[in-house]
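The values are calculated or read from the model by the stated rules, or taken from the named source; none is laboratory data. Predicted model, so just to flag it, every value in this text is computed and none were measured. Here the Cβ is made from the backbone with ideal geometry for all residues, glycine too, and neighbour counts use every protein chain on show. For accessibility, only protein heavy atoms count, side chains too; no ligands or nucleic acids. Shrake-Rupley method; radii C 1.70, N 1.55, O 1.52, S 1.80 Å.
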Amino acid sequence: MKDSKYRMNVHLSDKEQASGRAVQANEDDVHPYREFTEGAAAPVLKWEFPEAPEPQAQGGHGRLGAEPPEPRVQGPRGNRGPVSGPDASGKSGQALRAAQTPPPGSPAGARAPHGAAPDPGGPAAMPHGPQPAAGPPRTAPAAEGRAPRGGRTFRSRPRGLWRRGYAARRRPAAGRRRVRVHPAVWAIAGLLALALALPLLVVAPGNGQQEPLPPGPAPAPSAEPQAAEEPMVSVYLTRTDTVEELPLETYLVGVLAAEMPAEFQPEALKAQAIAARTYIVQRLLSGDRSGVPDPKAVVTDTISHQAYLSQDQLEKEWKQAGKEAELSKLKRAVDETKGMVMTYQGKPITASFFSTSNGFTENSEDYWKNEIPYLRSVESPWDIKISPKYKTIVTMNRAEFIDKLGLADGAIPVSAGGQGSGTPIIKILSYTEGRRIERLKVGDKTFTGREVREKLGLKSSQFSFKTVDGKIEITTYGNGHGVGMSQYGAEGMAREGYKAQDILKHYYTGISFDQTSNLLSLKESS
C-alpha cells in the first residue's frame, strides 16, 4: 500500500470528540471494530480521491500507465471496500470497516441504500479533517480506460458485536491455520454413519417385542439332537427277566456301581466310565445283540457283557443303606467324562476290561481268536501290590477234577504223594506273552489254558496244581481274562497321579478319543 494516493477523512461526533476517542482499526489487531455507547451515532467515513498521477515510465506495480490496484477492506465475507491509502505526507492509512450512513430522518444505525451519497443534514460535527462540501461527493479522475468510482461513505461496525446475518470473524493467531475439510471427507463420514445406523433401521419397531408367528400350528420340537447326543440303552435284567430302558449316561452309573468299588480314586472311576461307555456305544453302532435272551435288549446285566445294577437296586441297596455319597461320586465320574469314548482309526474300540492281572495283560489272540491291534500285552505291576484278588486258592477232590475236565477216571495216572494221596500228571506245554498258560496236558489229553480255566471255574488262566490231603489244590494269579484294562491296575496308576486318559492309553495301545454324538451322527448319515 506504499504507492496508494488515496486519502480517508474520518468525521467524529461531538461526543466522540469530547471523549477524545479516535476511531482506529489496526490491521494487526484481532478485533478491528470499535465499541460505541448505546444511542451514539456511528462515525461517517468519507473517501476522497486525489487527481490521477501522470503516467510514469515505470509504475509502482511494474508496468507503464498501470493504475494501482484498488485496496479492499478484508471483512467477514471477503473484500468489503477500499482501504485508506497514504495521504499527501506519505503516512499509511488504517484499514476500516464501514457501512453507509442512514438517510435523513432515519434512526441511528439505519443503513443507506448501496451507493447513496451521505446526507448533508446528518451528523456534521467533524472537528478532525475538512468538512465535506454539500452536493455530490468528489470523485477521482478515472484512469485511462476505466470508469471513475463514486464517493462512498461507510459506517464502521462496533468491535465484537454479533449481528444477524454476520459473524465476528477473528484473524487466526500467529502460527495457526484454518483447516478446511474436503467435501469428500464429509461424504465418507456420512456413509460411515449410515452404515452404523443401518442395523437399527432394519429392526422392526415394537419395543423389542417379537413379531407374532404366522397363523398355523407351531412346529413340534425335534428330539433327534437329544437322541443323537445321548442314546437310549435297553438292558436285560436277569433277576426279574425284564428289560430296562434308560439314557446311556444314566446306564453308566449302574455299570460303575457294579463293576468298580466306589472307594477307588476319581481318575480310576473316570477311566472305567470311559471304557464302559465305549463298550456300549460299540455295540449300539454295530447292532451286536449276541448273548442277549430278549430281542428287545442290547446288553445284559452280567459279566458276559457289563455288570449292571438297576435303578431299583441303586434306590434300595444304596440310598437306603446310606451310600448316597458313594453314588454321587460315581455320578460325578460319569458327568466329568460325558460323551467321551475311545476310538481306533475313527471307530469305537472293543473296550474289554477285567479285575486284576497277574502282572501283565494278555494279547487278544491268546485268549480269543482274533488279533486286535489295540489289545496288546502290557505290564501291570500295580495289581500285585494292591489287589486282594491277585492270588486265589481253590481246592477240589480228584473225582470232581476229573469230571469237570471230562476225562475218564482210568485214563489219568496217579503218582505217589503225601499221605497216600495221588495227583494227576499235569504238564505245561507253553505260556502266552502275558505269562499265562497257553497249552497244557492233563493225563493224555491236551487243553488250552482258557479251557481249563472255564471248565474248572478258575479266576485266571495263570495257575498251578498240588495235592493236599488227597485233594487237588489249584492256585490262580490274577482275576479275569486279562485282555484290556486291569481295574486294580488303573487304581494303582491313579494313586501314582496318572489321569484317566493316561491310564487308558497304557492299557489300550494306539487309541484316540472322540465324542458319542460324533460317532452316532456318522452312523445316521451312512
Checked pairs for segment 231-245, first touching a residue at least 12 places away in the same chain (Cβ under 8 Å) and hydrophobic (A, V, I, L, M, F, W, C), second in a strand (DSSP E or B) and open to solvent by 70 Å² or more (accessible area, probe 1.4 Å), C-beta under 8 Å and 6 or more apart or across chains, list as Met232/Glu245; Val233/Glu245; Val235/Glu245
Output for Cβ contacts, cut-off 6 Å, separation at least six or different chains, first residue touching a residue at least 60 places away in the same chain (Cβ under 8 Å) in segment 310-339, second surrounded by 15 or more Cβ atoms within 10 Å (Cβ to Cβ) and among the aromatic types (Phe, Trp, Tyr), reads Leu327/Trp318
Report task. Please tell me if Leu309 is farther than 25 Å from Leu520 by Cα and touching a Leu at 6+ places or on another chain (Cβ under 8 Å). Result -> no
Review point. Somewhere in segment 453-475, is a residue more than 22 Å from Lys385 (Cα to Cα), touching a helix residue (DSSP H, G or I) at 6+ places or on another chain (Cβ under 8 Å) and of a type in the set (Phe, Trp, Tyr)?
Key: no
From the option list Pro388, Pro295, single residue qualifying as part of a loop (DSSP other than H, G, I, E, B), modelled with pLDDT of 95 or more and surrounded by fewer than 18 Cβ atoms within 10 Å (Cβ to Cβ) is Pro388
Of the residues in segment 270-304, those that are at negative phi and either touching a Cys at 6+ places or on another chain (Cβ under 6 Å) or among the small types (Gly, Ala, Ser) (or both) number 8
Conditions (1) under 30 Å from Tyr507 (Cα atoms); (2) modelled with pLDDT of 95 or more -> Leu284 fails only (2)
Going through (1) surrounded by fewer than 18 Cβ atoms within 10 Å (Cβ to Cβ); (2) part of a loop (DSSP other than H, G, I, E, B) one by one, Leu375 fails only at (1)
task = Output yes when any residue across segment 432-443 is in contact with a Pro (Cβ under 7 Å, 6 or more places away or on another chain), modelled with pLDDT under 90, small (Gly, Ala, Ser) and open to solvent by 10 Å² or more (accessible area, probe 1.4 Å), and no when none is.
result = yes
Could you tell me whether Gln306 is out of contact with any His (no Cβ under 7 Å at 6 or more places or on another chain), closer than 15 Å to Tyr251 by Cα and either at pLDDT 95 or above or buried (at least 20 other Cβ atoms within 10 Å of the Cβ) (or both)? yes
Within segment 209-236, the count of residues that are at pLDDT 80 or above and either open to solvent by 50 Å² or more (accessible area, probe 1.4 Å) or out of contact with any Phe, Trp or Tyr (no Cβ under 8 Å at 6 or more places or on another chain) (or both) comes to 4
